[in-house]
Amino acid sequence: MDGLNNSMVSEFVLLGLSKLQTFLLLPFSMLYLMTVVGNLLVVFLFITDPHLHSPMYFLLANLSFVDFCLSSVTTPKLIIDFLKDNKTISFGGCMSEILCVHFFGGGEMVLLVTMAYDRYVAICKPLHYSSIMDRQKCIWLVLISWVIGFVHAMSQLAMILDLPFCGPRTVDSFFCDIPLVIKLACMDTHTLGILINADSGVLATTCFIILLISYTYILVTVRLHSKNGASKALSTCTAHITVVLLFFGPCIFIYLWPLSITWVDKFLAVFYTVITPLLNPAIYTLRNRDIRNAIKRLISQHMDSKDNF
């Protein structure tokens with residue numbers, strides 16, 4: 001019976017972003033290209049540059065990889081759909097999008113908490129940093145973020161996979177987002193919608209509160225123990241805090257705000273799936289001296305090899 005219900009709708013129609021989609025093709029293509037290049041560059045620098053083989057950059061490289069994956073779930077199809085009048089996605093493709101967005105999104109939330117913990121140890125317990133944040137612990141922390149992201153995504157998918165979809169099949173967005181998809185089910189999904197939003201909302205809100213407490217504690221602790229430390233700690237943590245606000249703001253608004261305004265939801269969806277994955281490497285690269293120096297060394301090595309050739 002469940003298979004019959006699901007087969008009633010074999011594909012969904014995506015309304016996309018705007019009627020002016022032709023004019024959006026080039027800007028979004030450039031944004032995605034910069035996202036791919038920026039995030040993979042950070043990963044490449046961490047792998048090839050020994051100066052960056054530290055816990056902080058290990059976590060940053062993982063964040064960049066997650067951002068690359070998150071952007072790649074929705075943005076390529078969005079760009080391709082700019083060239084189409086009839087934008088459709090199969091039922092399986094729709095469920096896959098939901099799974100991947102929540103997998104990478106949930107994993108990134110936990111990874112940002114892990115990065116806050118790393119900064120807490122580095123700033124508040126500097127003498128014990130190397131023993132606390134050893135290689136094995138860093139790997140375990142990253143694995144935990146992936147596991148939590150996967151469990152969160154599977155719990156979301158499990159709640160909607162067997163819903164009876166028999167029409168209508170129009171999703172007023174550029175990708176399959178759960179709040180919009182469950183509205184198309186041929187049954188009352190009010191209670192289910194609350195459960196789904198609670199699932200995402202609890203994860204996002206819990207991580208966000210932990211992050212706010214962590215960075216507040218870091219800044220207060222340093223200010224009490226050092227006259228000049230507050231500005232240094234603020235400089236160190238500003239990039240992290242900025243990324244946290246940019247990522248969690250739209251997510252919390254979409255899943256916890258009781259009122260749904262279509263154009264606002266679309267803008268926020270674009271922000272956390274397209275814009276934020278681009279801003280993250282830009283923020284860390286522009287503010288981080290080690291990353292900038294690594295890029296200079298990479299360029300210098302390339303120029304030297306070119307001259308030798």
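The values are calculated or read from the model by the stated rules, or taken from the named source; none is laboratory data. This one's a predicted model, so the numbers in the text were calculated from it and none came from an experiment. A quick note on method: Cβ atoms are made from the backbone with ideal geometry, for glycine too, and the neighbour counts reach across all protein chains shown. Please note that ligands, DNA and RNA were not included when accessible areas were found on the heavy atoms of the full protein model with its side chains. Shrake-Rupley method; radii C 1.70, N 1.55, O 1.52, S 1.80 Å.
Helix-derived [θ] at 222 nm for the chain: sum -39500 (n - 2.57) over DSSP H runs of at least 4, divide by residue count, nearest 500? Numbers along the way, then the final one.
On the way: 12 runs with 234 residues, N = 309.
Calculated from helices alone, the mean residue ellipticity at 222 nm is -26000 deg cm²/dmol.
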Heavy-atom accessible area per residue of the chain, all protein chains kept, 1.4 Å probe, expressed in Å², is 51 Å²
From Cα coordinates alone, what are the radius of gyration and Dmax values for the chain in angstrom?
21.4, 70
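Full extension from residue 25 to residue 253: what is 0.36 nm times the residue separation minus their Cα-Cα distance, to one decimal in nm?
Values: separation 228, 0.36 × 228 = 82.08 nm, distance 2.70 nm.
Net length gain for the segment: 79.4 nm.
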Probe radius 1.4 Å, ligands and nucleic acids ignored: give me the carbon and sulfur share of the accessible area of the chain as a rounded percent.
69 percent
Counted charge near residue 38, where neighbours are those whose Cβ lies closer than 15 Å (Asp, Glu -1; Lys, Arg +1)
+1
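Report the relative contact order of the range 1-122, percent, no decimals, based on alpha-carbon pairs under 8 angstrom and at least 6 residues apart. Intermediate values should be presented prior to the final figure.
On the way: 90 pairs, mean separation 46.3, N = 122.
Worked out over the range 1-122, it gives 38 percent.
Once you have the alpha carbon radius of gyration of the range 127-233, what is it after dividing by 2.2 N^0.38 Å, with N set to its residue count? Could you put the intermediate results ahead of the total?
Values: Rg = 21.1 Å, N = 107, 2.2 N^0.38 = 13.0 Å.
The value comes to 1.63.
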Keeping to pairs on different chains or 8 or more places apart, tell me how many lysine pairs in the chain have Cα atoms under 14 Å apart.
4
Most fluctuating residue of 201, 92, 193 in a GNM of the chain with Cα springs under 10 Å: which is it?
92
How far, in nm, would the chain grow between residue 216 and residue 144 when pulled straight, counting 0.36 nm per residue and subtracting the alpha carbon separation?
23.5 nm
Unit-weight point scatterers at every alpha-carbon of the range 6-61, Debye formula, q = 0.13, 0.17 1/Å: log10 I(q)/I(0) is -0.61, -0.71
Among 192, 83, 65, which residue has its Cα positioned farthest towards the positive end of the charge dipole of the chain, with +1 placed on the Cβ of Lys and Arg, -1 on the Cβ of Asp and Glu, and the dipole taken about the Cα centre?
65
Looking only at 185, 61, 158, which one moves most when the chain is put into a Gaussian network model with springs between Cα atoms under 10 Å?
158
When Rg is the radius of gyration of the Cα atoms in the range 40-161 and Rh is its Kirkwood radius, what does Rg/Rh come to?
1.09
If exposed trypsin sites (Lys or Arg not before Pro) are those in a DSSP loop with at most 10 other Cβ within 10 Å, what is the longest stretch of the chain that has none?
20-226
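Are there DSSP H segments in the chain that both extend 18 Å or more along their axis (alpha-carbon positions) and score a mean Kyte-Doolittle hydropathy of at least 0.0? List them, or say none.
Details: long enough: 21-48 (39 Å, 1.91); 55-81 (40 Å, 1.05); 91-124 (49 Å, 1.12); 135-160 (39 Å, 1.24); 190-225 (51 Å, 1.35); 229-256 (37 Å, 1.48); 289-308 (28 Å, -1.30).
For the chain, where a helix must reach 18 Å along its axis and average at least 0.0, the hits are 21-48, 55-81, 91-124, 135-160, 190-225, 229-256.
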